[in-house]
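The values are calculated or read from the model by the stated rules, or taken from the named source; none is laboratory data. None of these values were measured; they are calculated from a predicted model. Quick reminder, even Gly has a Cβ in these numbers, built from the backbone with ideal geometry, and neighbours come from all protein chains shown.
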Amino acid sequence: MRLPTFWGGIHPPQNKDLTVNEEIESYLPKGELVFPMAQNLGAPCSPVVAKGERVLVGTRLGNNDAFVSAPILSSVSGTVKDVTMRMTTPGMLENCVVVENDGLYETAPEWKPLENYESADPKEYIKRIREAGIVGFGGATFPTAVKLSPPPDKKINWLIVNGVECEPYLNCDNRLMLEGAEKVIKGLQLVMRIFPEAKGVIAIENNKPQAISVMNDLVAKLGAENIIVQPLAVKYPQGAEKMLIEAITGQEYIMTALPADVGCIILNVRTVFQIYRAIAEGNPATTRIVTVTGDAVAHPKNIKVPLGTSVRELINLCGGFKEQPVKILSGGPMMGISMRSIDVPVVKGTSGILALTAKSAMLKPITPCLRCGRCVTACPMGLVPNVLEPLVLERLYTRFEEEGGMNCIECGSCTYMCPANRPLTQGCRDGKASVMAMRRKAAAK
């Protein structure tokens with residue numbers, strides 16, 4: 001039987017074998033941890049603690065009362081060492097709270113399971129989700145409490161748990177589904193209490209047969225009514241929102257629409273897992289699973305780590321580099337961010353650390369566009385990347401907007417397919433950033 005999928009897309013090598021069978025290993029760091037105040041899509045937080053203050057696991061370090069925001073919580077107990085500017089993954093200095101870990105990992109007393117959580121008012125769920133600092137752990141980091149609060153006129157018919165993990169090399173979501181499937185399903189059941197008329201779907205690419213089997217068995221065991229496990233064809237970027245909605249529901253919708261406009265809410269498996277932990281167990285969102293992999297890494301692993309831990313510590317835990325990498329990425333090879341330093345903290349959006357040698361990075365010289373159209377065929381959003389890139393280079397940002405450049409999801413499919421090795425995705429990323437800067441400048445006048 002033909003599996004559901006979407007129009008466009010590509011089939012890059014998966015390269016997941018390095019960590020697919022590596023069970024999640026927990027790591028507790030020592031020394032200082034760094035907590036950037038900008039860890040979600042939306043309004044960044046401001047520090048709410050001062051140097052010298054004692055904090056516990058779950059203590060609020062940063063907050064913003066804006067609707068689209070999520071608090072930053074301490075992942076360790078200890079003392080606030082400093083509130084200062086520190087280097088972060090994109091290579092920029094950002095406002096951070098630095099905590100000296102005391103190694104005790106004492107949890108703040110206010111963190112307890114929600115009382116009678118199975119029958120509690122669903123509004124209390126959303127309140128707890130925001131307090132716990134839960135965001136989209138697939139990488140977008142959109143505040144989950146906001147996503148679960150659509151306008152009253154938006155009827156939600158589909159709750160889709162994104163277990164696709166189509167990004168090559170990464171296995172953090174796959175391992176979570178294998179080792180924490182029950183909490184993923186129970187987390188989805190809690191969300192379904194917020195939207196009782198919605199159908200629950202756990203979407204998994206067909207290259208994860210173990211996860212599909214485990215999820216199917218547990219759905220049956222738990223008697224999870226109105227929840228199905230849906231295998232999908234293996235194609236990149238199957239995990240992107242628009243592509244996932246098209247594959248699951250068969251709906252095609254305009255580029256500027258939001259999932260809620262077509263009756264859908266999409267949540268990453270880690271997000272749903274954390275929703276259950278926050279509501280049923282009283283655990284704030286202070287850890288995440290990171291896949292540390294690549295042919296330059298001595299012993300690739302999937303590591304559960306407190307937020308704020310240094311990336312260098314994770315690499316050292318994996319035995320360091322067996323060969324000098326020419327490229328280190330935060331994330332995977334398609335959508336990852338090139339890292340200038342490994343002395344930066346793990347944040348909510350850190351799904352992986354990928355270290356590549358010259359052999360696997362395949363860095364090639366950039367040559368003129370051939371007008372072959374491969375980037376157009378690959379683009380799942382129906383854009384024309386070979387038109388957008390020169391518009392950005394010539395700073396024709398109005399034309400860039402008119403040609404749909406702001407709808408680029410930065411999946412990297414165009415760059416991957418380009419025989420001339422043009423940095424098409426980076427061009428769209430730069431164009432979008434420039435347009436947003438212009439909009440902010442105009443709004444400030």
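Right, Thr377: within 26 Å of Met243 (Cα to Cα), surrounded by 21 or more Cβ atoms within 10 Å (Cβ to Cβ) and at pLDDT 95 or above or not? It is false that Thr377 is within 26 Å of Met243 (Cα to Cα), surrounded by 21 or more Cβ atoms within 10 Å (Cβ to Cβ) and at pLDDT 95 or above.
In the range 347-355, is there at least one residue being under 21 Å from the mean Cα position of the chain (by Cα), within 25 Å of Ala420 (Cβ to Cβ) and in contact (Cβ under 8 Å) with a residue 60 or more places away in the chain? Outline the logic, then answer.
We begin by selecting, within the range 347-355, every residue under 21 Å from the mean Cα position of the chain (by Cα); these are 347-355.
Then drop every residue that is not within 25 Å of Ala420 (Cβ to Cβ), which leaves 354.
Applying the additional criterion that residues be in contact (Cβ under 8 Å) with a residue 60 or more places away in the chain yields 354.
Yes, the range 347-355 has at least one match.
So, of the residues in the range 327-365 that are among the β-branched types (Val, Ile, Thr) and not in a strand (DSSP E or B), which turns out to be farthest from Val98 (Cα to Cα)? Break it down stepwise before answering.
Of the range 327-365, the ones among the β-branched types (Val, Ile, Thr) are 328, 337, 342, 344, 346-347, 350, 353, 357.
Now drop any that are not not in a strand (DSSP E or B), which leaves 342, 344, 346-347, 350, 357.
Numbers: Ile342: 17, Val344: 12, Val346: 13, Val347: 13, Thr350: 18, Thr357: 32 Å.
So the residue we want is Thr357.
If only residues of the range 241-277 that are within 16 Å of Phe142 (Cβ to Cβ) and not in a helix (DSSP H, G or I) are counted, the one that is modelled with the lowest pLDDT is Ala257.
When the criteria are applied in full, Asn162 fails the requirement of being polar (S, T, N, Q), out of contact with any Leu (no Cβ under 7 Å at 6 or more places or on another chain), modelled with pLDDT of 95 or more and closer than 30 Å to Gly332 by Cβ.
When you check Arg277 against the structure, is it surrounded by 22 or more Cβ atoms within 10 Å (Cβ to Cβ), touching a helix residue (DSSP H, G or I) at 6+ places or on another chain (Cβ under 7 Å) and basic (Lys, Arg), yes or no? It is false that Arg277 is surrounded by 22 or more Cβ atoms within 10 Å (Cβ to Cβ), touching a helix residue (DSSP H, G or I) at 6+ places or on another chain (Cβ under 7 Å) and basic (Lys, Arg). Thr89 meets all of the listed conditions (1) out of contact with any Gly (no Cβ under 6 Å at 6 or more places or on another chain); (2) modelled with pLDDT of 95 or more but one, namely (2).
Restricting Thr89, Thr141, Thr84, Thr107 to residues that are closer than 21 Å to Gly282 by Cβ and not charged (D, E, K, R) narrows the list to Thr107. Filtering Ala220, Ala224, Ala240 for residues that are hydrophobic (A, V, I, L, M, F, W, C) and in contact with a strand residue (DSSP E or B) (Cβ under 8 Å, 6 or more places away or on another chain) leaves a single hit, Ala224.
Would you say Ala224 is surrounded by fewer than 19 Cβ atoms within 10 Å (Cβ to Cβ) and either at pLDDT 95 or above or assigned to a loop (DSSP other than H, G, I, E, B) (or both)?
Numbers: surrounded by fewer than 19 Cβ atoms within 10 Å (Cβ to Cβ): no; either at pLDDT 95 or above or assigned to a loop (DSSP other than H, G, I, E, B) (or both): yes.
So Ala224 fails the test.
Taking first residues from the range 407-424 that are outside the structural domain of Met243 (by TED's automatic domain parsing) and aliphatic (A, V, I, L, M) and partners that are buried (at least 17 other Cβ atoms within 10 Å of the Cβ) and assigned to a helix (DSSP H, G or I), the Cβ contacts under 6 Å between residues at least 6 apart in sequence or on separate chains come to Met417/Arg374; Met417/Cys375; Met417/Ala378; Leu424/Cys375; Leu424/Pro385; Leu424/Glu389; Leu424/Cys414; Leu424/Thr415. Residues in the range 430-445 that are of a type outside the set (A, V, I, L, M, F, W, C) and at pLDDT 95 or above were compared, and the one that is surrounded by the most Cβ atoms within 10 Å (Cβ to Cβ) is Gly431. Of everything listed in (1) more than 29 Å from Tyr416 (Cα to Cα); (2) at pLDDT below 95, the single unmet condition for Ala280 is (2).
Please find, within the range 345-365, the residue that is surrounded by the fewest Cβ atoms within 10 Å (Cβ to Cβ) out of those that are touching a Pro at 6+ places or on another chain (Cβ under 9 Å) and within 19 Å of Leu41 (Cα to Cα). Across the range 345-365, the extreme among qualifying residues is Val347. On inspection, Val68 qualifies as part of a loop (DSSP other than H, G, I, E, B), loosely packed, with under 15 Cβ neighbours inside 10 Å and of a type in the set (Val, Ile, Thr).
Results for (1) over 30 Å from Arg312 (Cβ atoms); (2) without any contact (Cβ under 8 Å) to a residue 40 or more places away in the chain, shown as yes or no for each residue.
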site: Ala240; (1), (2): yes, no
site: Ile245; (1), (2): yes, no
site: Tyr253; (1), (2): yes, yes
site: Arg277; (1), (2): no, no
site: Glu281; (1), (2): yes, no
site: Ala285; (1), (2): no, no
site: Arg288; (1), (2): no, no
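Scanning the range 388-445 for residues that are more than 22 Å from the chain's Cα centre (by Cα) and among the β-branched types (Val, Ile, Thr) yields a total of 3. Which one is surrounded by the fewest Cβ atoms within 10 Å (Cβ to Cβ) among residues in the range 391-405 that are without any contact (Cβ under 8 Å) to a residue 24 or more places away in the chain and of a type outside the set (D, E, K, R)? Per the stated criteria, the residue is Thr398.
Just the residues that are within 20 Å of Cys172 (Cα to Cα) and either among the aliphatic types (A, V, I, L, M) or under 15 Å from the mean Cα position of the chain (by Cα) (or both), please, taken from the range 318-343. The answer is Ile328, Leu329, Ser330, Gly331, Gly332, Pro333, Met334, Met335, Gly336, Ile337, Met339, Ile342.
Would you pick out the residues in the range 22-65 that are of a type in the set (Asp, Glu), in a loop (DSSP other than H, G, I, E, B) and either in contact (Cβ under 8 Å) with a residue 60 or more places away in the chain or at positive phi (or both)? Residues satisfying the conditions are Glu22, Glu23.
This table checks each residue for (1) in the same structural domain as Lys183 (by TED's automatic domain parsing); (2) of a type outside the set (Val, Ile, Thr); (3) touching a Phe, Trp or Tyr at 6+ places or on another chain (Cβ under 6 Å).
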position: Met243; (1), (2), (3): yes, yes, yes
position: Glu252; (1), (2), (3): yes, yes, no
position: Thr271; (1), (2), (3): yes, no, yes
position: Ile275; (1), (2), (3): yes, no, no
position: Thr287; (1), (2), (3): no, no, no
position: Val290; (1), (2), (3): no, no, no
position: Leu307; (1), (2), (3): no, yes, no
position: Val311; (1), (2), (3): no, no, no
